[in-house]
Each structure stands twice: as C-alpha cells, then as structure tokens.
Amino acid sequence: MDLIDIGLNLTHDSFDHDRDQVWQRARAAGVVQAVLTGASREHSPLALELARTRPGEWFATAGVHPHHASEYTAECDAEMRALHAHPEVVAVGECGLDYFRDFSPRPAQRKAFERQLEIAADTGKPLFLHQRDAHADFVAIMKDFEGRIGPAVVHCFTGTREELFDCIDRDWHVGITGWLCDERRGQHLRDIVGNIPAHRLMVETDAPYLLPRTLKPMPKDRRNEPAFLRHIVEELARDRGEDVAVTAANATATARAFFRLPG
C-alpha cells in the first residue's frame with residue numbers, strides 16, 4: 001500500500017544523524033510521500049530546504065506554530081510569504097491556537113493565526129492547522145475567514161466528539177496520528193474516528209513525537225518515525241471497521257487531492 005505522511009517534523013535535530021536511513025525505512029514500509037512540517041521562523045525554511053532534496057517525495061509547509069506566536073513580527077510575515085512563493089511549499093502552517101501550553105500569550109497567538117490565514121487567503125494554499133484546548137476561539141477566527149480560504153486540515157486531531165463534528169460540518173479535513181494508540185489519552189478517538197468521511201481523513205505520524213504506544217517492538221530511543229505510519233493506519237482501519245487497504249487508499253487519495261501532490 002502507498003501511504004502519505006502529512007505531518008512529519010523531519011527538521012527535528014533527532015533526525016540529523018540518520019535522516020536518509022529514516023526515509024529508506026519509511027519507503028520500505030510503504031510511505032511514498034511526506035509533507036514536512038514548518039512550524040517556526042527557524043524550521044520553515046529548513047523544511048523547504050529538505051523538500052528540495054527529494055523532489056516529488058518530500059514537500060513542505062511554512063508557518064509559525066502558536067507556541068512561537070510571539071516571534072510573528074512584520075518581518076516574520078514577509079519571510080513566510082517569501083517561502084510560499086516556492087512550489088515545494090504546499091500548505092500554510094502549522095498555525096492555530098494552543099491554550100493547553102500557552103507558551104505564547106493568547107492575544108499573540110490569535111494575531112499570528114489571523115496573519116497566516118491572510119496568507120492562505122492571498123495564496124489559495126490549503127491550511128495545516130493546530131488546535132488544543134482553544135476550540136471556541138479557533139472556530140470563531142476561522143469563521144471570520146469563511147469564503148476567503150481554501151481547504152483546511154486540523155492536524156493531529158485529539159478533540160471531543162462534538163469538536164469532531166464541528167470540523168466535519170465545516171468541511172475541514174482531519175489528521176489522525178498515533179495519539180489514537182494511547183490508551184491513556186486517545187481511547188475516545190477509537191470510538192469516533194468512524195464518523196470521519198473518507199474524503200476528509202488523512203494520516204500522519206507527527207514524528208519524532210507521538211510514538212504509537214501499541215507499537216511492538218518499541219524502538220529503544222522512543223523516537224517516532226514515518227515508517228510507523230503503517231501501524232497507525234492498521235489501528236485506524238480496525239477502529240473504522242474497514243480493510244486496511246481501503247483506509248490506506250482513501251487517505252492517500254485524500255492527501256494527494258488536498259495538497260495537490262503528484263501521483
């Protein structure tokens with residue numbers, strides 16, 4: 001089966017010593033393409049730089065995560081817009097709101113989010129979104145841009161049934177990670193992922209984060225890798241009551257259409 005990892009933090013320094021081997025293992029596990037997450041002023045240019053080394057296989061997003069919202073100055077906005085001039089950059093983000101950590105003040109988070117929604121409106125590129133414990137404000141800000149922005153994916157969805165249906169009702173896409181495999185925090189997801197329409201569902205590892213807790217054997221370094229996407233898809237298919245080949249094929253087709261990736 002061919003898989004696409006739509007959320008891979010390959011610029012993370014834990015991959016510096018074996019990035020090529022990581023991708024070889026991913027390819028051997030059926031991962032044929034990946035969207036490399038850009039989530040700060042530092043890492044968005046690095047994601048583009050990496051994407052250029054594997055044309056047709058790696059693509060990038062460019063944005064500023066709410067954790068880094070305080071760095072979103074006028075100069076930062078100009079840098080993001082310059083990155084979006086490159087065809088390898090296929091989505092705006094990672095951007096959104098995070099009231100769980102509050103690493104940046106909430107007013108700064110909202111402003112940075114709005115500035116990046118303006119970029120999406122101006123470029124027509126899809127949105128790669130982050131939301132945690134900020135659902136009401138997140139929906140309200142997105143509503144202000146209705147009719148101006150294109151498709152959006154709520155990456156690494158971890159929310160409630162009600163939040164999921166809010167996303168589906170707004171025609172947003174949903175990204176599912178190994179959070180699904182966490183019996184402590186993700187059990188509720190197993191009960192609701194079957195409600196996500198196939199043409200709205202995508203899969204991701206968020207590596208090196210969110211190592212699936214049901215993975216056996218566990219890697220000694222506890223680092224998540226794109227090769228483990230297949231395991232997530234197998235778990236997701238079981239929870240959806242589908243054959244794994246069907247889940248995989250649908251998620252891949254949805255990702256290709258959403259990010260406008262070559263087949």
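The values are calculated or read from the model by the stated rules, or taken from the named source; none is laboratory data. The structure displayed is predicted, hence computed values, not measured ones. Quick reminder, even Gly has a Cβ in these numbers, built from the backbone with ideal geometry, and neighbours come from all protein chains shown. Only protein heavy atoms, including side chains, enter the accessible area calculation; ligands, DNA and RNA are left aside. Shrake-Rupley method; radii C 1.70, N 1.55, O 1.52, S 1.80 Å.
Here are a few things to note about the model shown:
- Radius, Kirkwood style, for the chain when every pair of distinct Cα atoms is counted (Å): 18.1 Å
- Segments 49-57, 201-209 sorted - mean Cβ within 10 Å per residue, highest first: 201-209, 49-57
- Nearby aspartates and glutamates by direct alpha-carbon distance to LYS111 (threshold 16 angstrom, same-chain neighbours under 8 apart not counted): GLU71, GLU75, ASP77, GLU94, ASP98, ASP102, ASP137, ASP144
- For region 59-76, 3J(HN,Hα) per residue [Karplus equation, 6.51 cos²θ - 1.76 cosθ + 1.60, θ = phi - 60°, Hz, x = Gly/Pro]: 10, 9, 10, 9, x, 10, 4, x, 4, 9, 4, 5, 8, 7, 9, 4, 5, 4
- About the centre of its Cα atoms, region 6-67 shows a dipole size close to 200 debye [charges on the beta carbon of Lys, Arg (+1) and Asp, Glu (-1) only; nearest 20 debye].
- Structure remark: mean-square fluctuation, Gaussian network model of the chain, C-alpha springs under 10 Å; the largest value among GLN33, GLN21, GLN109 belongs to GLN21.
- Mean projection of the Cα convex hull over all viewing directions, computed for region 172-263: 6.2 nm².
- Per residue value of the accessible surface for the chain (all protein chains in place, 1.4 Å probe), Å²: 42 Å²
- Straightening the chain between ARG25 and MET218 buys 68.0 nm, computed as 0.36 nm per residue apart minus the Cα-Cα spacing.
- Whole-percent carbon and sulfur share, accessible surface of the chain, 1.4 Å: 49 percent
- Inter-part distance where region 128-184 and region 1-55 are each reduced to a Cα centre, Å: 23 Å
- Sequence-ordered 3J(HN,Hα) estimates for region 40-54 from the Karplus curve with 6.51, -1.76 and 1.60 and θ = phi - 60° stand at 6, 4, 6, 8, 4, x, 5, 5, 4, 4, 5, 4, 5, 7, 9 Hz, glycine and proline given as x.
- Note that region 222-230 has calculated 3J(HN,Hα) couplings of 6, 8, 6, 9, x, 4, 8, 4, 4 Hz, one per residue in order, obtained from phi through the Karplus relation 6.51 cos²θ - 1.76 cosθ + 1.60 (θ = phi - 60°); glycine and proline are x.
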